[in-house]
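The values are calculated or read from the model by the stated rules, or taken from the named source; none is laboratory data. Please read all numbers here as calculations on a predicted model, not as lab measurements. A quick note on method: Cβ atoms are made from the backbone with ideal geometry, for glycine too, and the neighbour counts reach across all protein chains shown.
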Amino acid sequence: MKAQQLRLDGLRRMTWETHQLDAPAEGKVRIRTLLSAVSVASELSVVDGRTAHALPYSLGYQSLGVVEQAGAGVDLAVGTRVVAFYGHASAAIAQASRCIEVPTDITDRTALAAVLGEETAKGIRKVAPRPDERVLIAGAGLLGLLTIFNLTRLGIQDVTVLEPDPERRTLARLFGAEALRPGKTDHDQFDVGFECSASPAGFSELLTCLRPHARACVLSDGNWGQLALPAAFHERELSLVASSDGDNYHAYAAWLWVNAHPLLERLFEVTVSPAELIPMFERLRRWPRPVSVVADWTRGTAFE
């Protein structure tokens, strides 16, 4: 069968590549895509040339689909819904061991949270906030909101987020955080910080609001400018770590299926057809931006 894959060929130059998918080899599955989600800041940074990758480059890494064919030695049955990492494509061949099986009682959009949910959970594990500590998050985009979700479900209740967009602040409150505009919180008030804003100004304010000897984790990538350490970093002897890809997506997904909440679907509300995906990247350069965008492959192909 033939598949369509969104490909970056140059600065802001995206095309749909059509290629043949053969039968899956041993240990692999062929997946028909239902949804693929855009990680807005991360993917825009690649499209706009702020994050360098060899070209051509396949965009996206949050996919949900149905197993249509399985190679030898695969336990996943045909018809099983899975979360995978191949991005914006109508179908793909994937390593079965990397696919995350989705239970029947979990909705498609909730399941998409398994990818970045684990990546934020890894950052939380690195700085290990305690229930009695105050946590500050810079940015209430997809990373920030999933960080709130993970923290509050882990028993961390004193969570504040700094976010300029009023709609995102409203969503952050629904997820269980206090939400303030940047510049509206006092300094030296927080024990743990998470950088999720992809903004140099947001990162600087985050560190400035931390107490002496506090610890922080940078979760954002695709940053809109170079993140620089303010004077507070040295003066207060802060500890800073970074966190990127997850350690164990399957383990996190098992936890997520137990702790799933209908609010997670709000993260993936904005939906386009595959044919609308390339024009949507231009729209995402303007504020206000949605938390995420989902391409619904049941609405047709990239050329319809």
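Exactly one condition in (1) within 17 Å of the chain's Cα centre (by Cα); (2) surrounded by 17 or more Cβ atoms within 10 Å (Cβ to Cβ); (3) not charged (D, E, K, R) is false for Ala232; which is it?
(1)
Table: residues versus (1) touching a Ser or Thr at 6+ places or on another chain (Cβ under 9 Å); (2) of a type outside the set (S, T, N, Q).
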{"residue": "Glu269", "(1), (2)": "yes, yes"}
{"residue": "Ile278", "(1), (2)": "yes, yes"}
{"residue": "Arg286", "(1), (2)": "no, yes"}
{"residue": "Ser292", "(1), (2)": "yes, no"}
{"residue": "Ala295", "(1), (2)": "yes, yes"}
{"residue": "Thr301", "(1), (2)": "yes, no"}
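Filter region 16-28 down to residues that are in contact (Cβ under 8 Å) with a residue 24 or more places away in the chain and either assigned to a strand (DSSP E or B) or under 21 Å from the mean Cα position of the chain (by Cα) (or both) and give me whichever is nearest to Asp108 (Cα to Cα).
Pass one, region 16-28, residues in contact (Cβ under 8 Å) with a residue 24 or more places away in the chain: 16-17, 21-28.
Subset that is either assigned to a strand (DSSP E or B) or under 21 Å from the mean Cα position of the chain (by Cα) (or both): 16-17, 28.
Numbers: Trp16: 24, Glu17: 25, Lys28: 22 Å.
For region 16-28, the residue satisfying everything is Lys28.
Starting from region 226-246, keep only residues that are under 13 Å from His187 (Cβ atoms), then list their pairs with residues that are loosely packed, with under 14 Cβ neighbours inside 10 Å whose Cβ atoms are within a distance under 6 Å, requiring at least 6 positions of separation or different chains.
Pairs found: Arg236/Pro212.
Please work out which one of (1) crowded, with 21+ Cβ neighbours inside 10 Å; (2) free of Cβ contacts under 8 Å to residues at least 12 places away in the same chain is the condition Arg173 fails and give its number.
(1)
Quick test of your reading of the structure: Leu263 fulfils all but one of (1) under 18 Å from the mean Cα position of the chain (by Cα); (2) closer than 30 Å to Thr301 by Cα; (3) free of Cβ contacts under 8 Å to residues at least 24 places away in the same chain. Name the failing condition by number.
Only one criterion in (1) under 18 Å from the mean Cα position of the chain (by Cα); (2) closer than 30 Å to Thr301 by Cα; (3) free of Cβ contacts under 8 Å to residues at least 24 places away in the same chain is unmet by Leu263, namely (3).
Here are some residues: Asp221, Asp186. Which one is within 20 Å of Ser243 (Cβ to Cβ) and either hydrophobic (A, V, I, L, M, F, W, C) or assigned by TED's automatic domain parsing to the domain that holds Thr160 (or both)? Can you show your working first?
Details: Asp186 fails: within 20 Å of Ser243 (Cβ to Cβ).
Asp221 is the lone residue from the list that is within 20 Å of Ser243 (Cβ to Cβ) and either hydrophobic (A, V, I, L, M, F, W, C) or assigned by TED's automatic domain parsing to the domain that holds Thr160 (or both).
Of all residues being under 20 Å from Val270 (Cβ atoms) and of a type in the set (A, V, I, L, M) in region 127-160, which is surrounded by the fewest Cβ atoms within 10 Å (Cβ to Cβ)? Just the residue, please.
Per the criteria, the residue is Leu146.
Of Pro274, Pro290, which residue is in contact (Cβ under 8 Å) with a residue 60 or more places away in the chain, closer than 25 Å to Glu118 by Cβ and not assigned by TED's automatic domain parsing to the domain that holds Glu163?
Working: Pro274 fails: closer than 25 Å to Glu118 by Cβ.
Every option except Pro290 fails the conditions.
The conditions are (1) in a helix (DSSP H, G or I); (2) buried (at least 17 other Cβ atoms within 10 Å of the Cβ), and Glu282 fails exactly one of them. Which is it?
Single failed check for Glu282: (2).
Here is a check on your reading of the model: is Leu256 on the phi < 0 side of the Ramachandran plot, surrounded by 15 or more Cβ atoms within 10 Å (Cβ to Cβ) and assigned by TED's automatic domain parsing to the domain that holds Leu207?
Values: on the phi < 0 side of the Ramachandran plot: yes; surrounded by 15 or more Cβ atoms within 10 Å (Cβ to Cβ): yes; assigned by TED's automatic domain parsing to the domain that holds Leu207: no.
No, not satisfied.
Just wondering, is there one or more residues in region 29-45 that are over 23 Å from the mean Cα position of the chain (by Cα), aliphatic (A, V, I, L, M) and crowded, with 19+ Cβ neighbours inside 10 Å?
Step one: filter region 29-45 for residues over 23 Å from the mean Cα position of the chain (by Cα), giving 29-30.
Now narrow it down to the ones that are aliphatic (A, V, I, L, M): 29.
Filter again for crowded, with 19+ Cβ neighbours inside 10 Å, leaving 29.
Checking region 29-45: at least one residue is over 23 Å from the mean Cα position of the chain (by Cα), aliphatic (A, V, I, L, M) and crowded, with 19+ Cβ neighbours inside 10 Å.
Taking region 241-278 only, how many residues are outside any helix (DSSP H, G or I), of a type outside the set (S, T, N, Q) and farther than 26 Å from Asp48 by Cβ?
The first filter runs over region 241-278 and keeps only residues outside any helix (DSSP H, G or I), leaving 241-248, 260-261, 269-273.
Going one step further and asking which of them are of a type outside the set (S, T, N, Q), we end up with 241-242, 245-247, 260-261, 269-270, 272.
Pick out the ones that are also farther than 26 Å from Asp48 by Cβ and you get 241, 247, 260-261.
So the count comes out to 4.
In region 88-139, which residue that is under 16 Å from the mean Cα position of the chain (by Cα) and of a type in the set (Lys, Arg) is farthest from Asp186 (Cα to Cα)?
So, considering only residues that are under 16 Å from the mean Cα position of the chain (by Cα) and of a type in the set (Lys, Arg), the one farthest from Asp186 (Cα to Cα) is Arg109.
Enumerate the pairs (first residue in region 34-56 and within 22 Å of Ala92 (Cβ to Cβ); second residue anywhere and among the charged types (D, E, K, R) and assigned to a helix (DSSP H, G or I)) with beta-carbon separation below 9 Å, excluding pairs fewer than 6 apart on the same chain, so at least 6 apart or on different chains.
Leu34/Asp108; Leu35/Asp108; Leu35/Arg109; Ala37/Arg109
Could you grab me the full set of residues in region 285-304 that are part of a loop (DSSP other than H, G, I, E, B) and β-branched (Val, Ile, Thr)?
Just the residues of region 285-304 that are part of a loop (DSSP other than H, G, I, E, B), to begin with: 285-292, 300-304.
Matches in region 285-304: Val291, Thr301.
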